[in-house]
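Shown next, in structure tokens, is the structure this report addresses.
Computed from the coordinates by the stated procedures, all read-outs in this text should not be read as laboratory data. The structure displayed is predicted, hence computed values, not measured ones. For neighbour counting, all protein chains shown are included, and Cβ atoms are generated from backbone atoms with ideal geometry for every residue, glycine included.
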Amino acid sequence: MLEPTTQPIAMIQIIPISAFDDNYIWCLYDDISQQAVVVDPGDAKPVIAALDAMQLDLVAILITHHHFDHTGGIDELVAQYKVPVYGPRSDHIDQITHHLAESDTLSIMGLDFITLEVPGHTLDHIALYCEQADGGPILFCGDTLFAGGCGRLFEGNPAMMLSSLTKLAELSADTRVYCAHEYTLANLAFANAVEPDNQALQQRISQATGLRQQGLPTLPSTIATEIATNPFLRCHQTAVIDRAKQHRQDDCADSTAVFATIRGWKDNFSV
């Protein structure tokens with residue numbers, strides 16, 4: 001009697017490809033098919049080098065927003081690999097071949113992503129969320145939510161950004177957060193200025209410092225970690241409200257005013 005054959009089970013791996021001073025271009029790859037997808041390739045050269053070194057075949061590019069450090073490598077990658085480019089409808093990204101809007105789904109390499117519109121950093125910003133990835137849900141959020149922080153308001157307003165962050169904060173607590181920059185230590189230094197008595201934050205600072213001392217990424221984070229330590233997701237907390245009032249030297253009428261105050265404070269903050 002013949003033994004039944006078993007097919008290898010693919011495992012989607014996610015690794016960072018470093019670019020510029022502090023960008024991470026996230027690479028998802030299937031360790032069986034050797035297919036790969038990259039998120040926000042601002043520079044093609046490190047992506048090509050990584051794909052060649054790991055013998056991966058690029059099958060798609062995902063884009064969260066139009067800033068050049070997230071899109072600058074698209075042309076070179078498309079010229080070499082002839083792949084589709086998924087991203088927001090934007091007047092600034094001509095290379096998008098498949099436009100994604102709120103609640104649109106994208107199936108790629110066996111993963112089903114849902115699109116979340118998260119304007120604030122830019123007006124065209126989207127995030128991509130997948131619930132059934134190996135190891136739990138994953139989120140690619142570009143420059144909207146950072147580890148310990150959030151993106152600057154280049155195009156949106158405080159109410160818009162706070163709404164976007166609240167949408168992300170409502171995702172499953174175990175969601176792994178893959179943002180696009182290694183800003184964590186600077187963000188946590190500011191978070192400490194806002195909430196110096198937050199014990200979860202103190203532990204996170206210690207852990208993140210240890211990782212960077214070893215030359216390791218501080219990412220991914222999780223939604224639970226951000227809710228516990230990121231001041232921009234804690235605008236309803238008494239300690240954050242009180243510090244915003246103190247910094248503003250005036251009352252804060254609501255969470256939007258608290259957010260606007262600490263975002264403006266962060267814009268001018270130095271360690």
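Here are some notes:
- Counting only DSSP H runs of at least 4 residues, each contributing -39500 (n - 2.57), and dividing by the residue count of the chain, the helix-based mean residue ellipticity at 222 nm comes to -10000 deg cm²/dmol.
- Computed over neighbours whose Cβ is under 11 Å from that of LEU56, the net charge equals -4, Lys and Arg +1, Asp and Glu -1.
- Gain in span if fully extended, LYS45 to THR209, counting 0.36 nm per residue against the direct Cα distance: 56.2 nm
- Near SER163, once Lys and Arg are set to +1 and Asp and Glu to -1 for all other residues with Cβ below 15 Å from its Cβ, the sum equals -3.
- Summed over all non-identical Cα pairs, the Kirkwood treatment of the range 1-157 gives a radius of 16.2 Å.
- Alpha carbon convex hull of the range 32-123, volume per residue in cubic angstrom: 90
- For PHE269, net neighbour charge (Lys/Arg +1, Asp/Glu -1) across residues whose Cβ lies under 15 Å away: +3
- For the range 12-267, the spread of Cα positions along the three principal axes, ordered from largest to smallest, is 56, 40, 31 Å.
- With contacts taken as Cα pairs under 8 Å and at least 6 residues apart, the chain reaches a relative contact order of 12 percent.
- Residue order, fewest to most surrounding Cβ atoms within 10 angstrom, among CYS141, CYS235: CYS235, CYS141
- Lysines whose Cα lies under 30 Å from that of LYS266, excluding same-chain neighbours fewer than 8 positions away: LYS167, LYS245
- Cα long-axis angle, helix 255-267 against the chain (0 to 90 degrees, to the nearest 10): 80
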